[in-house]
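Worksheet: one structure, shown below.
What follows draws every value from the coordinates through simple rules; no lab data is involved. These figures come from a predicted structure and were not determined experimentally. Cβ coordinates were reconstructed from backbone atoms using ideal geometry, including for glycine residues, and neighbour counts include every protein chain displayed.
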Amino acid sequence: MVSITIATHTGFCSGVKRAVQLVQQSLSAHKGRVYSLGPVIHNHRVMEILKKNKLHLVSSINNIKPGSTLILPSHGSSRHTESKARQMSLRLVNTMCPYVSLVQKICATLNRDGLQVLIVGDRAHPEIKALLDIAPSARVITSIKEIKEDAFSGKRIGIISQTTQSREFFINVVNTILKKNKKVSEAHIFNTICLDTSRRQEEVKGLAGLVDVLLVIGSKTSANTKRLLVIGQAINKNSYLIESEHSRFPTVIKRARRVGVISGASTPSWLVEKVVEKIKKYGGSRK
Ligand code: SF4
């Protein structure tokens with residue numbers, strides 16, 4: 001008999017929950033004329049449902065009919081998109097998470113005060129692109145090897161983080177910057193990793209050490225899900241990303257006595273439940 005332990009922090013985070021609710025409300029209010037520039041959240045199953053409910057995904061704002069509703073994503077959007085949307089008289093529904101908007105405010109303040117803004121995050125992520133709109137001279141740091149000796153010496157710097165960044169990596173970057181730049185004249189450090197991300201990262205560490213197999217449920221396109229997987233794998237090599245109940249399950253699960261389950265922030269609880277039901281078919285029972 002396999003015992004299944006489900007992490008406390010599974011299902012949507014507060015920001016994603018709010019974003020999905022806002023989209024659903026818009027779909028009911030403005031039937032057939034609600035658009036999004038790419039996925040609103042990084043979960044295929046949820047996006048499939050929203051598309052069935054007539055959310056139109058487009059790659060360019062030029063493909064949106066004037067007077068329609070445009071959903072702005074939870075992790076921010078570019079200023080260009082917002083001003084173009086206003087010119088086109090689009091109705092904007094901003095699903096930006098309050099944590100993301102707080103990071104934007106901090107970024108704007110640091111930039112306005114003349115500090116060199118350093119952002120710890122992934123350059124290609126929409127959240128970081130939106131921050132670069134606010135502070136065009138900001139530097140994005142994605143790896144430790146990018147941090148050169150004396151690059152910021154004599155400067156006033158402000159360090160912020162992508163909301164879904166790994167806490168260990170953020171601390172490592174901050175320490176390396178300060179070690180390699182002993183003559184920084186002023187350093188303002190803001191740990192802007194959101195509370196939900198921090199909680200899941202702490203929980204996955206504990207859970208990975210307690211179980212034979214760890215399943216992290218979420219889409220391969222979800223940055224926070226992949227980060228949970230990396231943290232889990234560092235502790236337990238039998239850690240796997242499972243997108244849904246239809247995914248290929250690792251064969252090791254058949255021999256496991258204890259299975260741990262956690263999800264990314266954009267994975268709905270009902271999808272977690274479906275995966276748990278599938279584990280039960282391997283002889284599992286919930287703890
Ligand atoms: S992961 Fe954090 S920042 Fe992102 S939507 Fe959820 S609560 Fe907001």
Relative contact order in percent for the chain (Cα pairs under 8 Å, 6+ apart) equals 24 percent
Distance in nm between S185 and L102 label points, each 7 Å along Cα→Cβ, equals 3.0 nm
The answer for the per residue Cα convex hull volume of segment 232-287, in Å³, is 94 Å³
Expressed as a percent, the portion of alpha-carbon pairs in segment 142-222 spaced more than 19 Å apart is 50 percent
Answer in debye to the nearest 20: the dipole magnitude of segment 196-262 about its Cα centre, from +1 Lys/Arg and -1 Asp/Glu charges placed on Cβ, is 240 debye
Placing +1 on each Lys and Arg Cβ and -1 on each Asp and Glu Cβ in segment 14-96, then taking the dipole about the Cα centre, the residue among V34, N94, I71 whose Cα reaches farthest towards the positive end is V34
If R0 = 45 Å, then R112 and H246, at their Cβ-Cβ distance, give a FRET efficiency to the nearest 0.05 of 0.40
Rounded to two decimals, the Rg over Rh value of segment 174-287 from Cα coordinates and the Kirkwood Rh reads 1.12
By the mean-Cβ-within-10 Å protection proxy, highest first, 14-25, 78-89 rank as 14-25, 78-89
Taking N as the residue count of segment 14-96, its alpha carbon Rg divided by 2.2 N^0.38 Å gives 0.98
Shape descriptor, the chain: equivalent ellipsoid semi-axes (Cα gyration tensor, sqrt 5λ, whole Å, largest first) stand at 34, 30, 12
Quick calc of log₁₀ I(q)/I(0), segment 99-189, Debye, one scatterer on every Cα, no solvent, q values 0.11, 0.16, 0.22 1/Å, result -0.26, -0.57, -1.11
Assertion target for I144, I128, ordered by fewest C-beta neighbours within 10 angstrom first, is I144, I128
Taking only C-alpha positions in segment 35-74, Rg and Dmax in angstrom work out to 9.9, 29
Here the gain from full extension of R257 to I171, 0.36 nm per residue of separation minus their alpha-carbon distance, amounts to 27.4 nm
To the nearest 20 debye, the chain has a Cα-centred charge dipole, built from +1 on Lys and Arg Cβ and -1 on Asp and Glu Cβ, of 520 debye
Cβ-Cβ cut-off under 13 Å around G67, Lys and Arg +1, Asp and Glu -1: the net charge is +4
Projected convex hull area of segment 188-250, Cα atoms, direction-averaged, in nm², equals 5.0 nm²
Among K105/K145; K31/K51; K17/K105; K205/K274; K205/K237, the pairs whose Cα-Cα distance exceeds 18 Å are K105/K145; K17/K105; K205/K274
Spelling it out for A187: with amide H atoms placed in the peptide plane at 1.01 Å from N, the residues 5 or more places away or on another chain with amide H under 5 Å from its amide H are I157
